[in-house]
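The values are calculated or read from the model by the stated rules, or taken from the named source; none is laboratory data. Bear in mind that the values here come from a model prediction, so they are computed numbers and not experimental data. Because the Cβ atoms are built from the backbone with ideal geometry, glycine has one as well, and the counts that use them run over all protein chains shown.
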Amino acid sequence: MARLGIVWRLGLILLAALIVVQLVTTGVYLWRRERASENGLFSPLADQVTAMVTLVDDAPAERRPLLLRAFNSPELEVTVEAAPDAAEGRAMPAMERMIRDALPAMPAPRQVSVQLIAGERGALHRPRLLSRFVDGRVVASIGLAGGGFLIAETNGELMPRLFGLQPGFFAGIFGLLVAILTIAFFTWEARPIRRLSKAVQAFGRDATPKPEREAGAAEVRVLIRAFNEMQQRLAGLIANRAFVLGAMAHDLRTYLTRLRLRAEFIADEGEKAAWVRNLDAMQQLVEDTLTFAKVSFGADRAARTDLARLARREIEERAALGADVRGTLPSAPVMVAGSETALARALANLVDNAVKYGGSAEITLTVEKGRALLAIEDRGPGLPADLRHLLAQPFQQGDQARTRGAGGGAGLGLAIAREIASGLGGELQLGDRPGGGARLVLALPLAGD
């Protein structure tokens with residue numbers, strides 16, 4: 001129930017209420033009719049025919065015409081014949097058995113025949129089954145104790161006579177059909193709201209504006225228009241942020257290059273080394289800022305990358321440089337959406353973080369529930385639980401003293417990895433490694449066909 005939308009919730013509530021009302025109404029009617037009937041037969045026609053046969057059996061021959069006058073009505077024609085007509089309809093064995101069991105026993109088996117005969121109009125204008133119950137008639141022939149047969153033929157109200165269902169029952173069925181039709185129209189009217197809900201979720205994963213078509217009621221159109229305008233404003237803010245960061249980083253890179261050239265002419269080797277070290281750190285900061293500005297603006301979801309091959313290459317390159325980086329990777333390709341350049345940068349940042357603070361990195365790649373889970377674990381001090389919500393934010397670090405001691409950067413590595421994952425519809429998960437250390441998982445959706 002928790003996963004059902006508002007349309008289904010309201011529809012089920014309305015449907016359940018109508019069903020309960022219909023069941024209670026039908027139950028009360030059948031209970032009252034059963035109490036009013038001496039025999040308590042389910043079918044009013046069977047009950048009535050049984051009573052008439054019993055009266056005719058017990059009445060003298062001269063009294064039968066008077067009884068027949070009492071039995072007959074515009075809706076029911078009752079006669080006593082020497083023999084019944086040849087069967088021309090469909091037998092109703094359940095009603096025959098019901099009448100036979102309710103009648104007094106006779107020395108010889110009593111002949112009982114109940115035929116359902118389709119009407120001529122119904123045979124032409126309605127399906128066969130429907131025509132029998134709407135335009136049809138029932139002819140019951142029951143053998144009498146003194147000889148002959150009582151013939152009872154219905155001329156109207158077939159359904160109430162057969163099943164005891166009054167017109168109110170069918171009015172309820174009609175109301176139920178109207179309710180279902182109402183739910184269908186309500187579902188149609190709620191389509192713009194459902195589309196808007198999906199558009200909001202999609203924009204939360206990918207900040208690329210995708211205007212939603214305005215449709216539905218006036219209030220819904222206003223809401224969709226406001227959402228479309230909000231998309232444009234937010235996309236503009238993100239673009240402006242990326243542009244400002246990119247422009248600043250580009251200009252800073254130019255000046256850093258000039259300073260690096262000047263630092264080469266410093267005579268004191270110690271002073272020169274300090275200058276070069278600081279300029280390299282600033283250069284790395286600028287490069288990280290440029291990268292963050294690019295990945296914040298959007299992700300290439302159309303590209304496809306084999307994450308297993310990418311992780312295998314990262315392990316080989318790190319091992320060639322003497323780093324303690326190992327992995328457990330599947331032999332089959334694991335294709336995910338995203339460009340190889342962006343994913344390689346995200347993986348490199350996570351491995352750098354593990355090697356820097358844990359001294360080693362263990363890479364594991366698995367597939368679970370339509371997602372590729374690339375886990376990077378280290379054996380360092382782990383991630384502060386109370387600061388994890390800040391670790392993947394730009395320029396945030398969990399332990400400033402440890403970062404300075406380890407020669408850390410500006411805190412953009414995890415932020416870049418998180419932005420890349422988010423832009424591709426995934427996420428960056430921060431946790432603890434069993435046995436101690438940190439566990440960072442890059443969760444990415446598998447690429448579709």
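Structure summary
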item	result
Identity of the residue in the stretch 187-217, polar (S, T, N, Q) and modelled with pLDDT of 75 or more, that ends up surrounded by the fewest Cβ atoms within 10 Å (Cβ to Cβ)	Gln201
Options Arg388, Arg404, Arg433; residue that is surrounded by fewer than 22 Cβ atoms within 10 Å (Cβ to Cβ), at pLDDT 85 or above and either over 16 Å from Leu307 (Cα atoms) or not basic (Lys, Arg) (or both)	Arg433
Condition check for Val49: assigned to a helix (DSSP H, G or I) and at pLDDT 70 or above	yes
Tabulated pairs, the stretch 266-282, first in a helix (DSSP H, G or I), second of a type in the set (Lys, Arg), C-beta under 9 angstrom, 6+ apart or interchain	Trp275/Arg260; Trp275/Arg262; Val276/Arg260; Leu279/Arg260; Asp280/Arg260
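Condition check ((1) within 25 Å of the chain's Cα centre (by Cα); (2) part of a helix (DSSP H, G or I); (3) aromatic (Phe, Trp, Tyr); (4) over 30 Å from Gln284 (Cβ atoms)) across all residues:
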{"position": "Pro211", "(1), (2), (3), (4)": "yes, no, no, yes"}
{"position": "Arg225", "(1), (2), (3), (4)": "no, yes, no, yes"}
{"position": "Arg233", "(1), (2), (3), (4)": "no, yes, no, yes"}
{"position": "Ile238", "(1), (2), (3), (4)": "no, yes, no, no"}
{"position": "Gly246", "(1), (2), (3), (4)": "no, yes, no, no"}
